[in-house]
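Contents: one structure, followed by commentary.
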Amino acid sequence: MTVRVRFAPSPTGMFHVGGARSALQNWIYAKQHGGVFVLRIEDTDAARNRPEWTEGILSALDWIGIARGTYEGPYFQSENAGEHRTAAAKLHAAGRAYYCDCTREDVQARTGSQYQGYDGFCRDRGLTAGPGRALRFRTPDLGLTVVVDLIRGEPTWENKLLEDFVIARGDGSPVFLLANVVDDMTMGITHVIRAEEHLPNTPKQQLLWDALGVKPPVWAHVPIVVNEKRQKLSKRRDKVALEAYRDEGYLADTMRNYLMLLGWAPSGDREIVPWSVIESEFRLEDVNPSPAYFDEKKLRAFNGEYIRALSVEDFVEACQPWLTGTETIPPPPWQPSEFDAAAFATVAPLAQTRITVLSEIVPNVDFLFVASPEIDEGSWSKAMKDGAGDLLDAAVEAYTALPTWDADALKAALEAVGAERGLKLGKAQAPVRVAATGRSVGLPLFESLVVLGRERTLARLQAARARLP
Ligand code: GLU
């Protein structure tokens, strides 16, 4: 039997990191078993679907290493609508489903309590199809439904506790539960690896497989992803879109490594490991079923490590989208003509050891490319205390007279200027840094001034001096 897995996202506007993790797990499972990965876009909720969102899914998958053209699909659930209706009709014809015209209020009025599922009122009324009549699946009254789940063992449900659930709405359109099963069936899916959120659907779906006469797949429900308060990651509250991480400057390698650690760990005491190790060591059976904590701080630290492990050339290349701007990344504060690739290449290694997301490159190097840096007022008021004017005057004088414009000479000269005023180098540096770069933190100062050049450095020190009493 060829293993066939699928990733079946609904195009709802952004690509959830939890979805990215399921996609990767499916991808690896297929690869490890010589199987096939199928991409199916579950686009039947017409009101909420847009073509650009599908495109977003394809490009996000591509970014994370699931390249277009290397999998089967994308298929679209909407294209299979005929099959969904045929299956609904078949279940009805076989007596496994019946029409029902009850409203929720009807059920509540009959049961006299809070709505706790359908009470089976229409089971034997023999209603025919008609507007406003939903089709319900007749769940068995006796027995158990046992699901084989690679991560959770054999979760079991008592059939009598499963309500007769709706499989097609009053307008005849099949609902997710049925469409999803029929698609998996027609696509020959052998293993359904998906988020834990769908576990409650699974006994119902397995009953549908049985009723349609096809052997159900093996299931694997991967743990939900939670935030630091142990709440399920939600798009309203948390940063969950893979694209947001990409645009902030997380590397694809960081993301896929980190996502795979949600509920699983490689051998030894390692977390940051090459993808090839993950591909060979990952075992779906070893995934921990408990909720997995998405720790953004840890992810960021991982990313810093991944950035530092790049060659300088690759780092320079990786920074490009932030140096120019893209459709989704805002342009930098300089004009394209002001950018100097050679100057950037010189400071890139200094930035590479400091930044943890690539978007941080911009505030670290913008002082080199803008005509005059925007001064951060907080930095200014801290650095430009009493005596700053005098210190800047002396720095200008010393820097004008320097025979060579190199980092050691710049440092020695400022050290001397500071010493004459009883200031340690750190204190003497502060006004010079803010004047030259606009901020109190950044790349090593003297190397930065070397790249900025004597003329621009002096002009900025003088301009800052002029603002002081
Ligand atoms: N379209 C469903 C979702 O995005 C996936 C269902 C499944 O994987 O079975 O949650």
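The values are calculated or read from the model by the stated rules, or taken from the named source; none is laboratory data. Note that this is a predicted model, so its numbers are computed, not measured. Please note: Cβ atoms are built from the backbone with ideal geometry, for glycine as well, and neighbour counts cover all protein chains shown. For accessibility, only protein heavy atoms count, side chains too; no ligands or nucleic acids. Shrake-Rupley method; radii C 1.70, N 1.55, O 1.52, S 1.80 Å.
Residue check: is Arg465 more than 30 Å from Ile329 (Cβ to Cβ), at pLDDT 95 or above and of a type in the set (Lys, Arg)? So Arg465 passes the test. Counting the residues of region 82-130 that are in contact (Cβ under 8 Å) with a residue 40 or more places away in the chain and loosely packed, with under 10 Cβ neighbours inside 10 Å gives 1. Taking the criterion of being more than 13 Å from the ligand (Cβ to nearest atom) and within 20 Å of Asn257 (Cα to Cα), the only residue of region 194-224 that qualifies is Pro223. Which one is modelled with the lowest pLDDT among residues in region 239-262 that are open to solvent by 30 Å² or more (accessible area, probe 1.4 Å) and over 18 Å from Arg283 (Cβ atoms)? So, considering only residues that are open to solvent by 30 Å² or more (accessible area, probe 1.4 Å) and over 18 Å from Arg283 (Cβ atoms), the one modelled with the lowest pLDDT is Lys239.
Return a yes/no flag: does region 379-390 have any residue that is open to solvent by 50 Å² or more (accessible area, probe 1.4 Å), within 22 Å of Asp340 (Cα to Cα) and either of a type in the set (Ser, Thr, Tyr) or out of contact with any strand residue (DSSP E or B) (no Cβ under 9 Å at 6 or more places or on another chain) (or both). Within region 379-390 (the criterion being open to solvent by 50 Å² or more (accessible area, probe 1.4 Å), within 22 Å of Asp340 (Cα to Cα) and either of a type in the set (Ser, Thr, Tyr) or out of contact with any strand residue (DSSP E or B) (no Cβ under 9 Å at 6 or more places or on another chain) (or both)), the answer is no, since none of the residues qualifies.
Scanning region 82-117 for residues that are at pLDDT below 95 and not acidic (Asp, Glu) yields a count of 13.
Matching residues to (1) touching a Leu at 6+ places or on another chain (Cβ under 7 Å); (2) in contact (Cβ under 8 Å) with a residue 60 or more places away in the chain; (3) closer than 14 Å to Ala435 by Cα:
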residue: Gly325; (1), (2), (3): no, no, no
residue: Thr346; (1), (2), (3): no, yes, no
residue: Leu350; (1), (2), (3): yes, yes, no
residue: Asp386; (1), (2), (3): no, no, no
residue: Trp405; (1), (2), (3): no, no, no
residue: Lys411; (1), (2), (3): no, no, no
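In region 23-58, what residues are open to solvent by 10 Å² or more (accessible area, probe 1.4 Å) and within 15 Å of the chain's Cα centre (by Cα)? Within region 23-58, Trp53, Gly56, Leu58 qualify. Please go through region 355-378 and give me each residue that is part of a loop (DSSP other than H, G, I, E, B), open to solvent by 30 Å² or more (accessible area, probe 1.4 Å) and under 30 Å from Phe302 (Cα atoms), ordered by number. Result: Thr356, Asp376. Before we move on, is Lys239 touching a residue at least 24 places away in the same chain (Cβ under 8 Å) and away from the ligand (no atom under 13 Å from the Cβ)? Yes; evaluated as a whole, the condition is true for this residue. Taking every residue in region 170-184 that is in contact (Cβ under 8 Å) with a residue 40 or more places away in the chain and pairing it with any residue that is β-branched (Val, Ile, Thr) and open to solvent by less than 20 Å² (accessible area, probe 1.4 Å), at least 6 positions away or on another chain, the pairs with Cβ-Cβ distances below 6 Å are Leu178/Ile167. Selection of region 66-81 for residues being in contact with a Leu (Cβ under 9 Å, 6 or more places away or on another chain) and in contact (Cβ under 8 Å) with a residue 12 or more places away in the chain yields Ile66, Tyr71, Glu72, Gly73, Pro74, Tyr75.
Quick grid of which residues meet (1) more than 16 Å from the ligand (Cβ to nearest atom); (2) over 19 Å from Ala179 (Cβ atoms):
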| residue | (1), (2) |
| --- | --- |
| Thr2 | yes, yes |
| Gln32 | yes, yes |
| Leu39 | no, no |
| Asp43 | no, no |
| Glu72 | no, no |
| Ala89 | yes, no |
| Gly95 | yes, yes |
| Arg104 | yes, yes |
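If only residues of region 9-22 that are open to solvent by 20 Å² or more (accessible area, probe 1.4 Å) and within 25 Å of Ser173 (Cα to Cα) are counted, the one that is nearest to the ligand (Cβ to nearest atom) is Ser10.
Residue count for region 379-412 satisfying the condition of being part of a helix (DSSP H, G or I) and over 30 Å from Gln320 (Cβ atoms): 22. When Trp63 is tested against (1) within 15 Å of the ligand (Cβ to nearest atom); (2) farther than 30 Å from Gly117 by Cβ; (3) in contact with a Leu (Cβ under 9 Å, 6 or more places away or on another chain), just one condition goes unmet, and that condition is (1). Out of curiosity, is Val147 within 16 Å of the ligand (Cβ to nearest atom), among the β-branched types (Val, Ile, Thr) and out of contact with any Phe, Trp or Tyr (no Cβ under 7 Å at 6 or more places or on another chain)? Spelling it out, it is not the case that Val147 is within 16 Å of the ligand (Cβ to nearest atom), among the β-branched types (Val, Ile, Thr) and out of contact with any Phe, Trp or Tyr (no Cβ under 7 Å at 6 or more places or on another chain).
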